[in-house]
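Notes follow once the structure below has been shown.
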Amino acid sequence: MDILEVLKAKRGYLLPYHRMLAAHAPDLLARYDAFYEKLTLDQNLLSPRWKEFVWIAILAAAREGVGSLHLDRAKVAGLSREEMETAVALSALSESFPAFRFGIEKWQGWLSAEALEASYLALVTAAGKDVEPALVDLALLVCHGTRQDTRAFALHLRRFTQAGGTPAQLSEALSYLFIPMGANLLIEIVELWVHVAAAEGLPAPY
């Protein structure tokens, strides 16, 4: 069985860059496939249900339509249509936070920072009411991390920790970003996590 047959058997599909690498760098493709398999096909710490919930939130944040296969995987993992919609809704809500942060930071003389943050969290609670709190905050940590939003990341890291979330779970969820958004962004998010953890007295990545 050649490398393309191996990939097709594992994933059920082939992508153009698989064919390119098979033609010109099959050893590289084999090693990439082993990395991909460990990263997202194997079950690691997160359950398949949690993994695919986070993936859907990431793909919505990245506007990555090619990753729609994760919705099929989510269904197999036991996510309902409503839970998949919740993952998209949380991803969308993460994009509202800059407006809340603007009001908090720029209009302190007129508005209450606490009230604005509470308004944002009320939306999060309403959207995620049927999903485990730690999973809600895990998905939002990854989404806010893609925008390197320090205030939002600190808020959700605090909530995630209080809900029983662990650094190992967050590390796995952030590692998914290797594929749709790249290693350079992941470097910046982990640096953000280190900074927030030190400033807030919260668990760090290492």
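The table below lists the values:
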| read-out | value |
| --- | --- |
| Set GLN169, GLN162: member being over 15 Å from the mean Cα position of the chain (by Cα) and more than 20 Å from ILE104 (Cα to Cα) | GLN162 |
| Residues satisfying the stated conditions in the range 1-13, i.e. within 27 Å of the chain's Cα centre (by Cα) and surrounded by 15 or more Cβ atoms within 10 Å (Cβ to Cβ) | LEU7, ARG11 |
| Selection count, the range 114-161, where residues are over 18 Å from HIS195 (Cα atoms) and of a type in the set (D, E, K, R) | 6 |
| Residue in the range 38-52 that is in contact (Cβ under 8 Å) with a residue 24 or more places away in the chain and acidic (Asp, Glu) present | yes |
| Residue that is nearest to the chain's Cα centre (by Cα), among those in the range 99-108 that are exposed (fewer than 14 other Cβ atoms within 10 Å of the Cβ) and either at pLDDT below 95 or part of a helix (DSSP H, G or I) (or both) | ALA99 |
| Residues located in the range 162-171, provided they are crowded, with 17+ Cβ neighbours inside 10 Å and closer than 16 Å to LEU192 by Cα | PRO167, LEU170 |
| Residue satisfying condition, being part of a loop (DSSP other than H, G, I, E, B) and open to solvent by less than 50 Å² (accessible area, probe 1.4 Å), within set VAL131, VAL124, VAL136, VAL142 | VAL131 |
| Sole residue being open to solvent by 60 Å² or more (accessible area, probe 1.4 Å) and touching a Cys at 6+ places or on another chain (Cβ under 9 Å), chosen from GLU95, GLU85 | GLU95 |
| Matching residues, the range 172-191, being of a type outside the set (D, E, K, R), part of a helix (DSSP H, G or I), touching a residue at least 12 places away in the same chain (Cβ under 8 Å) and open to solvent by 10 Å² or more (accessible area, probe 1.4 Å) | SER175, PHE178, LEU185, LEU186, VAL190 |
| Filter result for LEU45 (over 25 Å from THR125 (Cβ atoms), at pLDDT below 95 and out of contact with any strand residue (DSSP E or B) (no Cβ under 8 Å at 6 or more places or on another chain)) | no |
| Among the candidates ALA62, ALA77, ALA115, residue that is open to solvent by 40 Å² or more (accessible area, probe 1.4 Å) and of a type outside the set (Ser, Thr, Tyr) | ALA115 |
| Selected residue (criterion: nearest to ALA74 (Cα to Cα)) from residues of the range 14-48 that are open to solvent by less than 50 Å² (accessible area, probe 1.4 Å) and not in a helix (DSSP H, G or I) | SER47 |
| Residue that is modelled with the highest pLDDT, among those in the range 1-13 that are within 18 Å of LEU39 (Cβ to Cβ) and outside any helix (DSSP H, G or I) | TYR13 |
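The values are calculated or read from the model by the stated rules, or taken from the named source; none is laboratory data. It should be emphasised that the depicted structure is a prediction, and the values quoted were computed from it without experimental measurement. Cβ: placed from backbone, ideal geometry, glycine included. Neighbour counts: every protein chain shown. These accessible areas exclude ligands, DNA and RNA; they are computed on the full protein's heavy atoms, side chains included. Shrake-Rupley method; radii C 1.70, N 1.55, O 1.52, S 1.80 Å.
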